[in-house]
Every structure is written in structure tokens, then in C-alpha cells.
Amino acid sequence: MLRRSFLAALAATALAAGSVPAAAQETVKIGLIIPLTGPFTTTGKQLEAAARLYMQQNGTTVAGKKIELIVRDDAGRAENTARIAGELIQNDKVSFLAGFGLTPLAMATAPIATNSKIPMVVMMAGTSIITERSPYIVRTSFTLGQSAVIIADWAAQNKIKKVVTLVTDYAPGHDAEKSFVDQFKSKGGETVESLRVPIQNPDFAPFLQRVLDAKPDALYVFTPSGVGAILMKQFVERGLDKSGIRLIGPGDITDDDVLPGFGDAAIGVVTAHNYSTDHPSAKNKEYVAAFKKANPGMRPNFASVGGYDGIHLIYEALKKTGGKTDGDALLTAMKGHKWESPRGPISIDPETRDIVQTIYIRRVEKKNGELYNVEFASFPDVKDPVKAQKK
Ligand code: PHB
């Protein structure tokens with residue numbers, strides 16, 4: 001009796017002081033919202049596998065708190081993402097929102113992060129403007145401009161004078177197109193046609209016929225991760241691989257996840273990107289081996305490092321706040337954070353909360369019977385060029 005009333009009094013005091021019961025206080029929840037069904041399933045699988053690998057390697061206790069990952073499928077639909085984010089905050093009391101496999105999914109959730117003051121870690125989406133949509137957003141993926149500008153310079157320096165661009169018709173495609181066209185023009189190159197293909201059920205064939213007719217030196221393509229496989233198949237079916245027209249772009253088209261299935265027609269495709277499974281650092285070799293061991297039959301792609309580094313950033317921010325989950329304190333802890341990722345050295349720009357990273361130029365080659373993006377040039381500390389231009 002005595003003991004019960006003592007406990008009741010203790011609980012009442014705790015409630016009166018506005019604090020929560022000890023058990024609830026000790027778990028910090030991360031809501032990971034990703035596409036695990038629908039056309040962007042490969043992205044979701046990569047993000048989840050990498051997040052789980054990071055937690056398996058680094059334990060689930062940080063700054064005295066137990067870390068719990070709650071994974072939810074949004075099927076790549078923005079209305080689902082925003083609804084799930086609301087539920088995770090209200091019902092599950094998450095301290096972090098993470099994932100965001102596509103730009104519209106991140107954009108739909110940004111106001112929720114702002115209203116709830118909960119850090120939102122964008123692990124995949126790549127449109128420049130996303131980080132400007134909420135002061136609680138940080139990005140561990142990339143922006144399309146980062147790779148587009150680098151490949152535009154490479155093209156201009158490598159006898160490519162006339163280009164047709166072909167992008168998926170939504171925000172990151174528009175960024176990929178504009179950054180490339182502007183940069184290529186500034187280096188004396190000419191874009192003779194800019195084509196856009198719908199995001200839903202893309203059929204590249206009619207566009208590829210127009211490319212054949214225009215006879216450019218190169219076709220510059222952006223499609224979101226996974227979709228490159230359809231493009232490559234139609235590129236070969238239409239005979240573009242034998243036309244002398246080079247295929248170039250940001251590395252989304254030669255995504256390491258689907259590249260092994262492309263066939264030899266992909267050999268020689270040159271892209272610029274932030275990550276290759278083949279990146280030769282010790283850190284990456286260890287990462288690829290651990291990822292493959294934990295996920296038989298899969299190889300890690302650029303989505304995976306966004307997920308892996310996103311969880312790293314969350315862990316490090318919690319260490320810096322001593323386990324405190326105040327959104328503003330966590331954002332302060334994340335700004336300016338620097339570390340070595342499997343992709344190479346990266347940091348979070350303290351001004352823009354966007355990622356700063358090395359961009360590599362790579363060529364598809366066959367190594368031990370498997371296709372890889374083999375890096376041959378690197379450009380360190382690349383910031384989002386779209387934001388840099390606005391200044
Ligand atoms: C995006 O929607 O922002 C996105 C998705 C997949 C990519 C690149 C960008 O490969």
C-alpha cells in the first residue's frame with residue numbers, strides 16, 4: 001500500500017512538473033518514410049538497408065538514449081508521405097523525420113517539419129530548393145546541379161559540341177536540365193533540343209527517335225534512380241548505342257543498383273556523381289562488403305549512402321546535444337558537421353544545411369565480369385551551384 005501511494009505521488013509530481021515517465025524519455029525515435037512499393041521501391045530498399053546497417057554497426061544506444069527506427073512505406077506518393085509524417089509525430093512521438101525518396105515527397109513534408117520543429121533529414125531527394133522550404137531540413141543526398149555542372153565541363157572539354165538533353169519532367173529534372181544547359185553554354189557548347197519525359201510510365205522511344213534525327217555529339221539524360229534501366233534498354237533497341245551518339249549525365253542513369261543488368265551496351269557511358277560502389281577508399285570497401293553481407297544479392301548505390309550518412313548525422317547530433325531532442329539544438333549540432341562517408345569526405349553547409357561533397361567523373365567499365373562506374377577524376381567540396389548563384 002505504502003509503496004503504491006509513494007509511486008503514485010512520484011508520478012503525480014512528475015506530471016505536475018511537465019515531465020514524461022522515465023521509460024518514454026529514454027527512447028529516441030526516428031521515423032523513416034520511404035517508397036517500399038511502387039516504381040521507386042529500389043530507392044526505399046537501399047535507404048532502409050543502409051540505415052539498418054549503420055545501426056547494426058554502431059549500436060542502438062546514443063548519449064544514454066535507446067534509438068528506435070520506425071520504417072513506413074509511402075509508395076512514392078506525396079499525400080502518403082505528409083500523412084505518415086503527421087502520424088509519426090502525433091502517435092509515435094518521433095524526434096526525427098528521415099528518408100524522402102523523391103522531391104515531391106520532401107516538399108509535401110517540409111511544412112510539417114517547420115510546424116513541429118522536428119529535424120527532417122532528406123536522404124535522397126535532390127532538387128535544390130528543398131532545403132529552403134524549412135529551417136528544420138538538412139540534406140545528406142546531393143543536388144542535381146552538383147553533378148550537372150561537372151559533367152557539362154567535362155563534355156565541353158571532350159569534343160562534345162552539340163547536345164540534346166532528355167530529363168524526367170519534374171523538379172529535379174528541371175534542375176538537371178538548367179544547370180547543364182547554362183554551364184555547357186558558358187563553355188561554348190550548344191544544346192540543340194531539350195526534351196522532357198513524364199515521370200509516370202515513361203516511354204523514351206519517341207524521344208530517342210528525335211535524338212537520332214538531331215544527330216548530336218551526345219545525349220545528356222537525367223532519370224530518377226531505377227528508371228535508367230528502361231532508358232538504357234530503349235537506347236539499345238533504337239540503335240543509339242551504334243549511332244556514335246554518346247550517353248552522358250548525372251550518375252542516376254547508371255545507378256549501381258541496376259547497372260549490373262544493363263549489358264555491355266552501357267560500357268563507356270560517362271557520368272558525374274557523388275558515389276560509386278567502386279569508390280576505391282578503405283572506408284568504402286568495408287562499407288560495400290558489410291552491405292552485401294547484410295543484404296545478399298544487393299549492391300549499395302548512391303541512395304544507400306544518403307541513408308547511411310543520414311543516420312550518422314542523427315547519431316552525432318544526439319551526441320552533441322547530450323541526448324536532448326530539442327529540434328533547434330539538433331539543427332545547431334548538425335550545421336557544419338564534417339565526416340568521412342563511404343563516398344568520400346562530406347559536410348553539412350552551416351548556412352544552407354545542404355550537403356558539400358566530392359563529385360567524381362566515372363566511366364562504365366567491366367571488372368571481374370561486372371559493370372561498375374569507375375571513377376577517373378574528382379572535384380572536392382562541391383556545394384549546390386544553384387544556391388551559390390542566388391547569392
Ligand atoms: C528526386 O526526386 O529528387 C530524385 C529522385 C531520384 C534521383 C534523383 C532525384 O535519382
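The values are calculated or read from the model by the stated rules, or taken from the named source; none is laboratory data. All figures in this text were calculated on a predicted structure; none of them were measured in a lab. Glycine also receives a Cβ, built like all others from the backbone with ideal geometry; neighbour counts cover every protein chain displayed. Ligands, DNA and RNA are stripped out before the accessible areas are found, and what is left, the full protein with its side chains, is counted by its heavy atoms. Shrake-Rupley method; radii C 1.70, N 1.55, O 1.52, S 1.80 Å.
Please work out the Kirkwood hydrodynamic radius for the range 303-388, using every pair of different C-alpha atoms, and report it in angstroms with one decimal place.
So the Kirkwood estimate lands at 14.7 Å.
Using 7 Å Cα-to-Cβ label points, what is the Asp264/Asp92 separation (nm, one decimal)?
4.7 nm
Carbon and sulfur together cover what percent of the accessible area of the chain at a 1.4 Å probe radius?
The nonpolar share, carbon plus sulfur, comes to 53 percent.
Give, rounded to the nearest 20 debye, the magnitude of the charge dipole that the range 78-163 has about its Cα centre when Lys and Arg contribute +1 at Cβ and Asp and Glu contribute -1 at Cβ.
Charge dipole, the range 78-163, about its Cα centre: 340 debye, nearest 20.
Relative contact order of the chain: what whole-number percent is it, with Cα pairs under 8 angstrom and at least 6 residues apart?
17 percent
Just how far, in whole angstrom, is the range 373-390 from the range 41-120 if you go by their alpha carbon centroids?
One Cα centre to the other: 27 Å.
Ranked from the most accessible area to the least, with a 1.4 Å probe and all protein chains present, what is the order of Lys324, Lys159, Lys185? Numbers along the way, then the final one.
Numbers: Lys324 115, Lys159 175, Lys185 150 Å².
Ranked list, largest accessible area first: Lys159, Lys185, Lys324.
Could you give the dipole magnitude of the range 213-353 about its Cα centre, charging the beta-carbon of Lys and Arg +1 and that of Asp and Glu -1, in debye to the nearest 20? Show your work: numbers first, answer last.
Details: 17 positive and 18 negative charges, 66 e Å.
Using Cβ point charges on Lys, Arg, Asp and Glu, the range 213-353 gives about 320 debye.
Once ligands and nucleic acids are excluded and a 1.4 Å probe is used, how much of Tyr170 is accessible, expressed in Å² to the nearest 10?
30 Å²
Provide the gained length on full extension for the span Lys185 to Arg210, in nm with one decimal, where the gain is 0.36 nm per separating residue minus the Cα-Cα distance.
Taking 0.36 nm per residue and subtracting the Cα distance, the gain is 6.9 nm.
What pairs in Lys93/Lys292; Lys93/Lys285; Lys283/Lys319; Lys366/Lys387 have C-alpha atoms more than 30 Å from each other?
Lys93/Lys292; Lys93/Lys285; Lys366/Lys387
So what is the diffusion coefficient of the chain in µm² per second by Stokes-Einstein at 25 °C and 0.890 mPa s, using a Kirkwood Rh over Cα pairs?
D = 113 µm²/s.
Considering only lysines 8 or more places apart in sequence, or on different chains, count the pairs in the range 103-234 whose C-alpha atoms sit under 14 Å apart.
On the way: Lys159/Lys185; Lys159/Lys187; Lys161/Lys185; Lys161/Lys187; Lys161/Lys215; Lys162/Lys185; Lys162/Lys187; Lys162/Lys215.
Final tally of qualifying lysine pairs is 8.
From Cα pairs below 8 angstrom and at least 6 apart in sequence, can you work out the relative contact order of the range 78-131, rounded to a whole percent?
Dividing the mean separation by the residue count of the range 78-131 yields 41 percent.
Which percent, to the nearest 5, of DSSP beta bridges fully inside the chain are antiparallel?
The answer is about 40 percent antiparallel.
Among Gly31, Ala78, Val167, whose Cα projects farthest towards the positive end of the dipole of the chain, with charges put on the beta-carbon of Lys, Arg (+1) and Asp, Glu (-1)?
Gly31
Just round it to a whole percent: the fraction of Cα-Cα distances in the range 153-235 exceeding 21 Å.
Numbers: 890 of 3403 pairs.
Here the tail beyond 21 Å accounts for 26 percent of pairs.
Over the range 224-325, what is the relative contact order in percent, taking alpha-carbon pairs closer than 8 angstrom and at least six residues apart?
So the answer I get is 24 percent.
Using 0.36 nm per residue of separation minus the Cα-Cα distance, give me the extension gain between Gln200 and Ile70 in nm, one decimal.
44.0 nm
Classify the range 190-298 as rounded, prolate or oblate from the Cα gyration tensor: take a ≥ b ≥ c as the square roots of its eigenvalues, call it rounded if a/c is under 1.5, otherwise prolate when a/b beats b/c and oblate if not.
Prolate, because a/c is 1.5 or more and a/b exceeds b/c.
Gap in Å between the Cα centre of the range 288-343 and the Cα centre of the range 183-203?
33 Å
If ligands, DNA and RNA are left out, what is the accessible area of Ile129 with a 1.4 Å probe, given in Å² to the nearest 10?
So the heavy atoms of Ile129 present about 60 Å² to solvent.
Roughly what would the spin-label model give for Ala289 and Arg363, points 7 Å off Cα along C-beta, in nm?
2.9 nm
Dipole magnitude of the range 164-267 about its Cα centre, charges +1 at Lys/Arg Cβ and -1 at Asp/Glu Cβ only, in debye to the nearest 20? Intermediate values should be presented prior to the final figure.
Details: 10 positive and 16 negative charges, 66 e Å.
Dipole size: approximately 320 debye.
Could you provide, to the nearest whole Å², the per residue accessible area of the chain with probe 1.4 Å?
Accessible surface, normalised per residue, equals 42 Å².
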